[in-house]
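**Q** Please see the structure below; I have some questions.
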Amino acid sequence: MAMKRIGVFICHCGRNIAGTVDVKRVAEEIGKREDVVLSTTYVFMCSQPGQKLIEDSVKKYNLDGVVVANCSPTLHEKTMRNAAARAGLNPYRVEIANIREWAAWPHEDNPEAATRKAIRIINATIEKLKANASLEPIEVPVIRRALVIGGGVAGMQAALDIADSGIETILVEKEPTIGGNMFRLSETFPTLDCPQCILTPKMNDVAGHPNIKLYTYSEVDDVEGFMGNFKVKIKKKATFVDWNKCTGCGECLRVCPAHADSEFDLKMAKRTSIYIANEQAVPLKALIDENSCIRLQFEKKVKEGKIKPKKNVKICSKCADVCEPNAIHFQNNEEIVEEEVGAIIVATGYEVMPAEAFPELGGKYPDVITSLQFERLLAPSGPTAGIPRRPSDGKVPESIAFVHCVGSRDPQNGVPYCSRICCMYTIKQAMLVKHAMHDAAVYDFYIDIRSNGKGYEEFYHRAKEEYGVNFIRGKVSKVYRVGDKYRVQGVDTLTGRIVEVDVDMVVLATAAKGSSTVKEIAKKLRIPYDEWGWLKETHLKLKPLETPVGGVYIAGAAQFIKDITDSVSQGSGAAAKVMALLSKPELEKEPLLAKVDPEICAGCGRCKDQCAYDAITIDPVRHVSVVNEALCEGCGACSANCPTTAIQVVNFKKGQVIRAVDVLAEVF
Amino acid sequence: MGKKVMFYPGCTLKGVAKNLEDSTVESARVLGYDFIELPGWTCCGAVYGLAQDSVKFTIANVRNLIKAQNYGKEIGDNRLIAVCSMCYNNLRRAHIDVMKNKDKLKTLDLFMDEEANYEGNINVLHYLQFLKNDVGFDNIKKMVKKPLKGLKVAPYYGCLLLRPEEISIDDREDPHILEDLLQLLGAEVVDYPLKNECCGSYHTVDKKEIVGERTYKLVSVAKDMGADVIATSCPLCFFNLDKRQEIAKKKHSEFEHMPIVYFTQLMAIAFGLTSQDVLHFDKHYISPEEVLKKWL
């Protein structure tokens with residue numbers, strides 16, 4: 001039944017529209033239509049009185065359709081539909097005619113054309129509206145479980161908050177222990193808390209929480225489904241040890257003869273081939289690194305036919321020999337498990353650029369390391385027990401230079417942005433060096449000090465005034481080895497002089513980037529990321545935790561590099577979003593979806609091939625397309641490809657669109 | 001007769017840098033290439049080409065490129081080789097500049113109405129690039145008769161081969177093309193971190209002391225790294241590092257002299273071309289004869 005009692009409301013948008021478009025004339029012209037019973041203007045349709053005008057008019061004139069001519073529907077379609085719904089009109093009988101972005105703004109210099117174009121846009125919208133059906137939202141059931149990807153401080157906080165609300169939460173971490181980068185740090189700015197002290201309680205809470213299911217040394221393998229109903233495959237990587245039996249006693253570590261670089265210590269130390277990530281790892285379990293284990297390498301070569309083993313040859317099994325609970329089995333125990341969840345939080349954190357990427361700043365030398373590596377040397381639990389030693393010869397350095405902005409704020413050599421946390425951690429590291437070695441000479445080369453957090457500027461002043469750190473404002477151009485020392489060549493821009501200092505060690509505050517694994521995960525979740533590996537939020541200011549995919553949220557440094565305070569806040573924030581989503585038994589979904597007319601459909605499958613959301617299947621019995629309403633996003637790709645118009649998007653049917661186009665295409 | 005390739009010598013090679021010209025042309029001859037001097041070549045603009053972004057300063061180079069275009073068609077080869085770093089820098093930048101800014105090229109073509117228009121297909125190469133990519137390092141190795149075994153060389157690029165980035169012949173922060181070549185010749189290459197530092201450039205004209213200080217630092221660090229000689233491809237770097245050692249020595253009594261050579265001289269020696277008609281050691285302020293006598 002075509003509508004006969006349409007109300008048209010034309011917004012001035014202050015001077016945005018009315019300054020160019022003659023809104024009075026538009027209202028008069030539209031008012032001449034037979035199907036329009038009310039055509040009026042108002043200064044701000046989105047204001048409370050503007051919305052009230054719609055409500056009152058719907059009742060007073062008994063309107064059966066409404067067109068609001070204002071700005072883009074992404075801004076106020078919902079506002080206007082809600083206003084009409086309050087007066088009892090089905091909200092899908094409200095359409096927006098965008099005369100601001102389409103008429104007023106682009107034709108500012110030609111008010112006459114803008115006015116005529118506005119009339120035409122409104123007429124076209126009325127034509128489309130007239131065939132709109134009344135619709136009800138679709139309800140989709142929700143699985144009341146959540147998945148958090150990444151077990152750093154943001155991910156742990158999110159998992160704990162969700163779990164505390166009574167929702168079962170799955171936490172997946174790719175490393176053998178949770179804790180993330182924060183657990184590698186020595187002390188934290190500006191309070192100088194020790195992360196091992198403040199983070200272990202959280203880690204243990206995660207491990208012991210009745211509502212948290214923890215998968216460490218695991219990765220998300222595949223994600224299917226949609227908001228409220230995700231099916232996730234999780235790959236538990238091979239540990240070659242039965243973790244149900246392993247007690248974490250560490251006996252195996254003492255006898256293992258093979259070694260490799262420690263991942264946790266970022267190559268600042270060696271670990272054995274069978275290892276526990278660190279002494280406070282959660283879970284405290286041993287695993288074997290396949291690439292360095294003598295036995296596993298031998299077995300691999302035999303399998304590939306590279307070695308022919310002699311009979312009765314004895315291959316290393318020292319770890320298994322001393323393992324009392326018999327946990328070490330050397331079997332590849334990689335496994336895929338499936339979980340169903342209603343919401344997902346991605347908290348995959350960050351990485352820093354390697355020192356090797358900056359050969360001109362000495363990155364090719366062993367004693368020129370990244371700040372994150374230096375954290376391990378400053379940490380009391382680290383390989384040098386908190387007194388930094390040079391990686392090359394183990395000497396305690398008497399002089400250290402810190403270099404800020406290595407790769408940051410430098411589009412040619414690194415990234416264009418400021419890595420945000422480096423100023424503060426470098427100041428902290430300079431202080432800690434002075435704590436550990438009073439007489440050490442410390443030089444801090446910076447471009448600008450960015451200390452914009454609570455207590456941060458005060459912290460910087462303490463470093464300058466109480467600790468005697470030499471702050472030099474200027475960039476470093478070169479670091480090279482002269483004998484036993486490293487010569488740091490830079491400029492002091494405050495005095496305008498070239499500066500050269502010879503030091504024992506150089507620490508580079510290299511630029512932060514998104515985790516190297518994030519791109520794979522983002523592709524599986526269909527969420528966007530930028531060229532530096534940061535996940536893209538829906539709106540930088542107002543939706544920093546949301547992604548364009550419903551039910552998928554981001555938290556912590558995965559979105560952009562941030563400090564611990566901000567990461568924890570975002571973890572809690574994303575958790576609140578998930579809790580709100582999972583608080584209802586069912587989700588409401590917009591009903592503007594594809595619908596199939598089985599009388600016409602021939603089951604050719606073209607629509608199925610076009611669907612980016614895997615929402616269409618072919619019914620094998622009736623041989624027609626079937627749309628899964630929960631998956632369909634109403635994009636219309638199917639409809640455009642249907643040879644018979646059997647599949648169409650509701651309220652976007654072919655007749656409606658063609659009529660609207662006819663009006664738009666009339667000659668001026 | 002070797003294969004004909006166009007060669008752009010530039011003004012300095014015709015005078016004080018005769019040692020660079022002859023060692024370049026003769027070493028190329030050993031490798032089977034006949035370096036033909038670009039007929040009617042003119043000035044590359046030298047320092048003026050770098051001074052400003054202006055049509056005026058591009059004229060000389062585009063005119064050279066047009067000449068190369070004409071002669072290149074005759075010999076069927078579009079490569080134009082320069083060995084002077086400044087000439088290479090100016091020619092290559094002019095080519096890129098007019099290719100990017102077609103309006104500028106149009107203006108230039110209109111201005112030079114007697115010449116043909118520049119079609120943009122001249123491949124300006126530095127000799128090092130030519131050696132690596134066109135001749136091939138393996139082919140060079142085959143021609144080495146007297147490997148420079150035991151000679152410790154500090155490779156020095158200066159700025160003109162590396163900046164701006166669009167004309168850089170290698171990684172602009174950590175180049176190694178020169179090292180790779182010197183190693184092929186049998187020399188021992190020392191880690192020379194100042195290889196892309198400034199030599200002081202044209203300050204040598206009116207602020208000699210600045211250049212004296214630069215030379216002091218560049219040569220001293222090379223010495224600290226264990227080098228016997230510094231090898232370069234830039235006549236200006238060569239002059240500054242060589243001649244200004246006089247000032248460095250006056251100011252710093254502990255300063256020790258070090259000979260500066262062109263990498264092409266080392267290549268010539270390794271190929272067995274030891275005649276002074278090729279090497280011209282008389283053009284050096286600090287003679288490299290003593291250091292190199294083992295191979296001469």
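Computed from the coordinates by the stated procedures, all read-outs in this text should not be read as laboratory data. Everything numeric in this text was worked out from a predicted model, so none of it was measured. For neighbour counting, all protein chains shown are included, and Cβ atoms are generated from backbone atoms with ideal geometry for every residue, glycine included.
**Q** Report the FRET efficiency, 1/(1 + (r/R0)^6), for residue A:74 and residue B:166, where r is their Cβ-Cβ distance and R0 is 35 Å, rounded to 0.05. Don't skip to the end; give the middle numbers.
**A** Values: r = 41 Å, r/R0 = 1.18.
Efficiency for this residue pair is about 0.25.
**Q** Moving on to the next point. Taking the highest mean first, how do the peptides B:214-220, A:598-604, B:164-170 order by number of other beta carbon atoms within 10 angstrom per residue?
**A** On the way: B:214-220: 22.9, A:598-604: 14.6, B:164-170: 16.1.
So the peptides B:214-220, A:598-604, B:164-170, ranked by packing, come out B:214-220, B:164-170, A:598-604.
**Q** Pop a pseudo-label 7 angstrom from the Cα along the beta-carbon direction at both residue A:321 and residue A:458 and give the gap in nm to one decimal.
**A** Calculated label separation equals 5.9 nm.
**Q** Pull out a ≥ b ≥ c, the square roots of the eigenvalues of the alpha-carbon gyration tensor of the protein assembly as shown, then state rounded if a/c is under 1.5, prolate if not and a/b is larger than b/c, and oblate in the remaining case. Write down the numbers at each step before the final one.
**A** On the way: a/c = 2.14, a/b = 1.40, b/c = 1.52.
Oblate, since a/c reaches 1.5 and b/c is not below a/b.
**Q** With +1 on each Lys and Arg Cβ and -1 on each Asp and Glu Cβ, how big is the dipole of segment A:217-356 about its Cα centre, in debye rounded to the nearest 20? Don't skip to the answer; put the middle values down first.
**A** Values: 21 positive and 23 negative charges, 225 e Å.
I would put it at about 1080 debye.
**Q** Checking the table B:145/B:293; A:202/A:237; A:270/B:195 against a 26 Å threshold on Cα-Cα, which pairs fail? Display every interim value, and only then the final one.
**A** On the way: B:145/B:293 15 Å; A:202/A:237 24 Å; A:270/B:195 35 Å.
Flagged as over cut-off: A:270/B:195.
**Q** Hey, with R₀ at 41 Å, roughly what FRET efficiency would residue B:198 and residue A:259 work out to, going by the Cβ-Cβ distance, to 0.05? It would help to have the intermediate numbers written out before the result.
**A** Working: r = 45 Å, r/R0 = 1.10.
That pair, residue B:198 with residue A:259, gives E of 0.35.
**Q** Angle, helix A:153-164 long axis vs. longest principal axis of chain A, Cα atoms, 0 to 90°, nearest 10?
**A** Between the helix axis and the principal axis of chain A, the angle is about 60 degrees.
**Q** Between helix A:564-582 and chain A, what is the angle of the helix's C-alpha long axis to the longest principal axis, kept within 0 to 90° and rounded to the nearest 10?
**A** 40 degrees
**Q** Still on this structure: How big is the dipole moment of chain A about its Cα centre under a simple scheme where the beta carbon of each Lys and Arg is +1, that of each Asp and Glu is -1, and everything else is neutral? Debye, nearest 20, please. Don't jump to the answer; show the numbers that get you there.
**A** Details: 86 positive and 85 negative charges, 158 e Å.
Around 760 debye, computed over chain A.
**Q** Sticking with this one: Fewest Cβ neighbours within 10 Å first, please rank A:126, B:210, A:336 accordingly.
**A** Working: A:126 23, B:210 17, A:336 11.
Ranked by crowding around the Cβ, least crowded first: A:336, B:210, A:126.
**Q** Also, quick follow-up: With charges set only on the Cβ (+1 for Lys and Arg, -1 for Asp and Glu), what does the dipole of segment A:251-333 come to about its Cα centre, in debye to the nearest 20?
**A** Numbers: 15 positive and 11 negative charges, 136 e Å.
The dipole of segment A:251-333 has a size of about 660 debye.
**Q** While we're looking at this one, here's another question. Just name one of B:127, B:137, B:25: the one whose Cα is farthest towards the positive end of the charge dipole of chain B (beta-carbon charges, Lys/Arg +1, Asp/Glu -1).
**A** With unit charges placed on the Cβ atoms, the residue in question is B:25.
**Q** Mind checking the mean number of beta-carbon atoms from other chains within 10 Å of the Cβ atoms in B:183-193?
**A** Values: counts 0, 0, 0, 0, 0, 0, 0, 0, 4, 1, 10.
Neighbouring Cβ atoms belonging to other protein chains average 1 per residue here.
**Q** Moving to a separate point now. Among DSSP beta bridges lying fully in chain A, give the percent that are antiparallel, nearest 5. If you can, show how the numbers build up before the last one.
**A** Details: 52 of 101 bridges.
Antiparallel bridges: around 50 percent, rounded to the nearest 5.
**Q** For chain A, build the charge dipole from Cβ charges (+1 Lys, Arg; -1 Asp, Glu) around the Cα centre, then report which of A:217, A:348, A:616 sits farthest towards its positive end.
**A** Sorting the options by dipole projection puts first A:616.
**Q** Select from A:298, A:555, A:382 the residue farthest towards the positive end of the dipole of chain A; place +1 on Cβ of Lys and Arg, -1 on Cβ of Asp and Glu, and compute about the Cα centre.
**A** A:298
**Q** A follow-up question, please. Report the Cα centroid-to-centroid distance between segment A:271-287 and segment A:186-227 in angstrom, as an integer.
**A** Between the Cα centre of segment A:271-287 and that of segment A:186-227, the gap is 16 Å.
**Q** Let me ask something else. Based only on other Cβ atoms within 10 Å, what is the fewest-to-most ordering of A:361, B:292?
**A** Numbers: A:361 25, B:292 21.
So the ranking, lowest neighbour count to highest, is B:292, A:361.
**Q** Taking the Cα atoms only, what angle lies between the long axis of helix A:73-86 and the longest principal axis of chain A, rounded to 10 degrees?
**A** 60 degrees
**Q** Taking the Cβ of each residue in A:185, B:91 as the centre, tally the other Cβ atoms inside 10 Å and list the residues starting with the fewest.
**A** A:185, B:91
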